[in-house]
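Here is the structure we will look at, set down as structure tokens.
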Amino acid sequence: MKLIIRFSKREHAVFTSHLDTVRIFIRALRRCGVKMRYTEGFNPHPRVYFASPLPLGYLSDGEYVEVDCDRIGLDMGERRIVDLRKEKKLIEDDVLSALRKDLSKELPQGFKILFLDEIKPIKYEKKLSKRITAEQYKILIESSDHNLLDKLNEYIKDSDREIEKKIEKKNIIKKIKISENIISFNMSKANPTDLFIFEKPEIGYDFEPHADRFTLVEMIINSSMSLNPSVLIADFKSVMKIEDMTHTILKTDSLEKLNRKLRSLG
Amino acid sequence: MIKKYDIDNVTECELVKILLEYGTPINVIYHTLKVSDIATKIATALNKKGHKLDLSLIKRAGVLHDIVRETGKGHDIKGGELVMNVDERAGKIITEHMVHTFPTKIDEVNESDLVAIADRLTKQDSYVGLDERESEILSRKGRLQTIQDKIIKNFQEAKDFLKLIEEEIEIKIDDLLEDESTDKERMLSEKKKNKDYDLKIQIIKEVKKPGRYIGGEVNSIIKKNIESKLKFGFCFPDLYEIGMSFTGGQILYDAVNKEDELYMERLYMPDFDMIHKLGENKLSVFSVETFRPLDEFDCVGFTLQYELLYSNIIKMLMLSNLEIYREKRSDSDPIILAGGMGAFNPMPLADVIDVFNIGDGEEMLPELLLEIKKHKDGGKRKDEILSELAKIDGIFVPSVHMEGGKVKQGISISPQVISDFNEVRIPTKPIIPNIEIIHDRAVIEIARGCPRVCKFCQANKIYKPLRIRQKEKILDAIFSGDGILQNTGYDELSFLSLSTSDYPKFNELMSDIFLAIKDKDIAVSFPSLRLDSFDEEVVKKMLEYKNTGLTFAPEAGSERLRKYIGKDISDENIMEVMERIIKLGFRKLKLYFMIGLPSETEEDLDAIVTLAERIIKLSHEFLPKGKRNFTITVSSSNFVPKPHTPFQWVKMNSEEELYKKNYYLKDKFKHSKGIKYTFNDTRVSTLEGFFSRADSRAIKVVIEAVQAGAIFDAHGEHFKFSVWDEAIKKCGLSIDEYNNYNLDDELPWDFIQTEIDKKTLLADYKKDEVNE
């Protein structure tokens, strides 16, 4: 049987790397009594598959992990073992909800589980990381520059704009065309709710004096290693010569292509 | 509009997806999930008392109650209308959740009341209780007094209603919902309480491996009412990933934090980039639990693991703006403790540390801290507290026990020994690091001490008496419901003791363990396995898990020298063991030797080469040509005489002698097929030798060297011998300062009375000695 989990990395969890996240999940699942299935071969490892790795320092509400397992043991008042091999029907909702709570408790500060669901395994289905074609982001920019929106507009409108990226291993410089990698791009002045989402409640409650400083960018970007939001923001900052500017990146979702449409992975 | 759902069978996950589709912000969804969890928990408790509350309805209304969550007014009415179209009852509850009239009789309680009360108990996604919620809401700015009054009135009604519930379910709501208020929220708020939170987060973002500094690990402890406790900062003078691999730290964390009046936090030596950032921003080294600066603890304690870490200790104090010399520190500065193996010669740090805990720490340290707390609460000054502590056995207080750089006449201190090794708590809930550390696995201590008599070994002399943990206690600590595997989720298990295979009935213990882990996907690793006592069955099992190599430590090449140093194994015995391991299928072997042992001659060095080559030759007898893949790594370390051992008087080889001997062997092994030779830095060993038998004058050298840039000397790449050489000269000492002890000399550590007295040590030193 297969479980899919959507989770967030927030607060101090942004300092946890992808590889550490994998290790943390596997241990937390074990503590929750989830009996994971293992890969065959000389060096078996649990069949726990993550969506694309999240760069260190990003907030995210759109992380996914799939778990192949045989049985889950739950702490629902008394310990209860659910043998998934024997259950023909889908697992009842209270079991899934209890596992969601158990697992949330077992993860370090900043990891939160949004939902946990059982999915029917599909034969020959691609791994999670291979199914993702795009990623959705929100970026909160703080700057005293009054023309920031105009500058962003000018920067992104240029359909020939390229970013140079050094590939250290091969010692070559690759040019990436921005317009080919960005699926949608939106920007606006931020509102108080956005400040809450970006973990700045102090400012959210007392928004007016700061209202001018915050800009929100929403974008969907091709899921490839070549261009990520921090590369884009860094390039924007240097090309448009903006000195006073900080930003926070939040991945809001991972998207797959289904019937030519992008949709949430969950 | 939201899409229709099957009211009877809708799952929590489907409800969350409805929120996502509608565009409810995700932080709000976490809040609604928590409200649903809490309302369900209270309802379940009420149902046990005969109420008939509809749990599915509570779930639906709970999860959807903030579906329209705008900052403006009316989200309750708008949300209610929206849900009403598909789920009338849930919609009605949502409409009522903000302006709510709570019943005054428990019989009238319904689902709506529970969602409304749960919402008032929850802040973001954590249970905080009505009082905290009320004060938080009231503290928001810009509200009219009449509205404030309304809020207060409404919360009073909620409190009355909660009392009704508590009476009915016969349990305090705080107790029922204990699990719902996670330590994780407190972790954050406690960090924010300490100054410069934002700045610290900023610099953590900028350094490599930020996980070293951020804390928040599973099983780490954040206590309530920290201000009322004695705050103890446990300092490990090396990087996080090394400090977190130290089982002793986990033992102390458990032992100290089990005391309600004490709170132990952890501090580690920051890496170079962090040191730079701390200096730039004038910040002290701070704890991972609450970001508390080192200098703001009531007490800090260093563990003394290795002489070359002295420089890091001094650096941590310097970074935290504390005076190095204890006499210069003020009354308000933390009391600085130290313990661990290094405390058995406390002299090099005697002018720095206020209190040394000599011997086992897990009973002594909490006792010591409670004593300090008692005197502190009683208003005593630091010097008064120190003289009180000096009365306790096993405690060395330099300001009381020393005079003119030397221990006063007649002072004698016996190391602390825990009362009953089998009754002492085993830490089965260790902190699980978020980042990868050196030894990332579950560890259980199976014995303390060692039955062997090797003369060079300090550990087996000071960990006395030999104590064995009962098999049942070990198995329970590993496998029970509150055992280390369940509490950590580790898939690797290891054992701690000076020599694992000397555990009595080792085979019995291991076969029980192998049986228990059979279908658990757990690997077992054995450090310090001694091949002269190994059991084939256990070793075979090991091969099933991992085809790793084996380690064997003959320590000396010739039978004569082995006999003299107390490691009495014959060549024939070694060869027999080798034959067995080759037959069992092992193909990699590591051999450990010591260079520079007393009475060592060229013959003894040659014997190392002969022995290794004999083993390779032996392997050829069992392996056909073309399949001869048996390899040996010969590793040599440089012998350093240690206090409290029979070799404490020995004149250590000079750096040049050690260097020559290492290269002599390197040259001899140059043409040996299948043998790799590795050796240690002779300059590092020489410095280790300097400090291991030093007196109180040596601290000047450390301070001098740190000021000249020496830190992380235990990490080879940062070790600069010239800096130390210079520092030693500058202080008017020589590298051989502590290398010329006579048998009748008073030694700096003589006042510590270990179980083996000086006469016995001397007799041991002379035993089996061969005068050439």
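Among the residues in the stretch B:432-451, are any in contact with a Gly (Cβ under 7 Å, 6 or more places away or on another chain) and buried (at least 19 other Cβ atoms within 10 Å of the Cβ)? Taking every residue of the stretch B:432-451 in turn, at least one turns out to be in contact with a Gly (Cβ under 7 Å, 6 or more places away or on another chain) and buried (at least 19 other Cβ atoms within 10 Å of the Cβ). Against the test of being closer than 23 Å to B:I173 by Cα and away from every other protein chain (no Cβ under 12 Å), the options B:D54, B:D87, B:D76 yield a single qualifying residue, B:D54. Scanning the stretch A:22-55 for residues that are more than 9 Å from every other protein chain (Cβ to nearest Cβ), touching a residue at least 24 places away in the same chain (Cβ under 8 Å) and either part of a helix (DSSP H, G or I) or of a type in the set (D, E) (or both) yields A:V22, A:F25.
Table: residues versus (1) at pLDDT 90 or above; (2) surrounded by 16 or more Cβ atoms within 10 Å (Cβ to Cβ); (3) within 14 Å of chain A (Cβ to nearest Cβ).
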| residue | (1), (2), (3) |
| --- | --- |
| B:G91 | yes, yes, no |
| B:E108 | yes, no, no |
| B:D113 | yes, yes, no |
| B:L121 | yes, yes, no |
| B:S126 | no, yes, yes |
| B:L138 | no, no, yes |
| B:L164 | yes, yes, no |
| B:L177 | no, yes, yes |
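Applying the condition of being touching a residue at least 24 places away in the same chain (Cβ under 8 Å) and touching a helix residue (DSSP H, G or I) at 6+ places or on another chain (Cβ under 6 Å) to the stretch B:6-15 and asking which residue is farthest from the other protein chains (Cβ to nearest Cβ) yields B:L15. A single member of B:L46, B:L64 is away from chain A (no Cβ under 12 Å) and in contact with a Gly (Cβ under 9 Å, 6 or more places away or on another chain), and it is B:L64. Test B:Y197 against the stated conditions and say whether it is among the aromatic types (F, W, Y) and surrounded by fewer than 19 Cβ atoms within 10 Å (Cβ to Cβ). Criteria met by B:Y197.
Just a yes or no: is a residue in the stretch B:648-666 closer than 30 Å to B:D273 by Cβ, surrounded by fewer than 20 Cβ atoms within 10 Å (Cβ to Cβ) and among the charged types (D, E, K, R)? Among the residues of the stretch B:648-666, not one is closer than 30 Å to B:D273 by Cβ, surrounded by fewer than 20 Cβ atoms within 10 Å (Cβ to Cβ) and among the charged types (D, E, K, R), which makes the answer no. Only residues that are assigned to a helix (DSSP H, G or I), out of contact with any helix residue (DSSP H, G or I) (no Cβ under 7 Å at 6 or more places or on another chain) and aliphatic (A, V, I, L, M) were counted in the stretch A:233-266, giving 2.
On inspection, B:V300 fails the criterion of being in contact with a Gly (Cβ under 7 Å, 6 or more places away or on another chain), in a loop (DSSP other than H, G, I, E, B) and in contact (Cβ under 8 Å) with a residue 40 or more places away in the chain. Within the option set B:V63, B:V68, being buried (at least 16 other Cβ atoms within 10 Å of the Cβ), modelled with pLDDT of 95 or more and within 48 Å of the chain's Cα centre (by Cα) holds for one residue only, B:V63. The residue pairs whose first member lies in the stretch B:616-639 and is more than 20 Å from B:D667 (Cα to Cα) and without any contact (Cβ under 8 Å) to a residue 60 or more places away in the chain, whose second member is outside any helix (DSSP H, G or I) and of a type in the set (F, W, Y), and whose beta carbons are closer than 6 Å, counting only pairs six or more residues apart or on different chains, are B:S619/B:F630.
For B:V400, the criteria (1) assigned to a strand (DSSP E or B); (2) closer than 30 Å to B:P748 by Cβ hold in every case but one, which is (1). Could we say that A:I221 is farther than 22 Å from B:R69 by Cα, β-branched (V, I, T) and more than 14 Å from chain B (Cβ to nearest Cβ) here? The answer is yes for A:I221.
Within the stretch B:538-559, can you find the residues that are out of contact with any Phe, Trp or Tyr (no Cβ under 9 Å at 6 or more places or on another chain), farther than 30 Å from B:D768 by Cα and either at pLDDT 70 or above or of a type in the set (A, V, I, L, M) (or both)? Matches in the stretch B:538-559: B:K540 only.
In the stretch A:70-83 there is no residue that is at pLDDT 80 or above and within 15 Å of A:R10 (Cα to Cα).
Would you say B:S181 is of a type in the set (S, T, Y) and touching a residue at least 40 places away in the same chain (Cβ under 8 Å)? Yes, satisfied.
Exactly one residue out of A:I139, A:I163, A:I172 is away from every other protein chain (no Cβ under 14 Å), within 27 Å of A:V14 (Cβ to Cβ) and touching a Lys or Arg at 6+ places or on another chain (Cβ under 9 Å): that is A:I163.
Scanning the stretch B:202-238 for residues that are surrounded by 19 or more Cβ atoms within 10 Å (Cβ to Cβ), at the interface with another protein chain (Cβ under 10 Å from one of its Cβ atoms) and not in a loop (DSSP other than H, G, I, E, B) yields a total of 6.
Number of residues in the stretch A:11-21 that are touching a strand residue (DSSP E or B) at 6+ places or on another chain (Cβ under 9 Å) and facing chain B (nearest Cβ under 7 Å) equals 2.
Tally the residues that are at the interface with chain B (Cβ under 10 Å from one of its Cβ atoms), at pLDDT below 90 and more than 21 Å from B:Q124 (Cα to Cα), restricting the search to the stretch A:94-136. Total satisfying the criteria: 3. Among the conditions (1) within 14 Å of chain A (Cβ to nearest Cβ); (2) part of a loop (DSSP other than H, G, I, E, B), B:C454 misses just one, which is (1). Scanning the stretch A:224-258 for residues that are away from every other protein chain (no Cβ under 14 Å), aliphatic (A, V, I, L, M) and either touching a residue at least 12 places away in the same chain (Cβ under 8 Å) or crowded, with 20+ Cβ neighbours inside 10 Å (or both) yields a count of 8. Going by what's in this entry, would B:L308 be described as under 17 Å from B:V706 (Cα atoms), among the hydrophobic types (A, V, I, L, M, F, W, C) and in contact with a strand residue (DSSP E or B) (Cβ under 9 Å, 6 or more places away or on another chain)? Judged against the criteria, B:L308 is not a match. Criterion applied to B:K41, B:K34 was being within 14 Å of chain A (Cβ to nearest Cβ), in contact with a helix residue (DSSP H, G or I) (Cβ under 8 Å, 6 or more places away or on another chain) and closer than 22 Å to B:E168 by Cα, and the one residue passing it is B:K41. The one condition from (1) touching an Asp or Glu at 6+ places or on another chain (Cβ under 7 Å); (2) crowded, with 20+ Cβ neighbours inside 10 Å; (3) more than 29 Å from B:L747 (Cα to Cα) that B:H375 does not meet is (2). If the condition is being surrounded by fewer than 17 Cβ atoms within 10 Å (Cβ to Cβ), in a helix (DSSP H, G or I) and either within 12 Å of another protein chain (Cβ to nearest Cβ) or not acidic (D, E) (or both), then the stretch A:194-217 contributes A:P201, A:E202, A:Y205, A:E208, A:P209, A:H210, A:A211.
The values are calculated or read from the model by the stated rules, or taken from the named source; none is laboratory data. Worth saying up front: this structure is predicted, and the values here are computed from it rather than measured. Cβ coordinates were reconstructed from backbone atoms using ideal geometry, including for glycine residues, and neighbour counts include every protein chain displayed.
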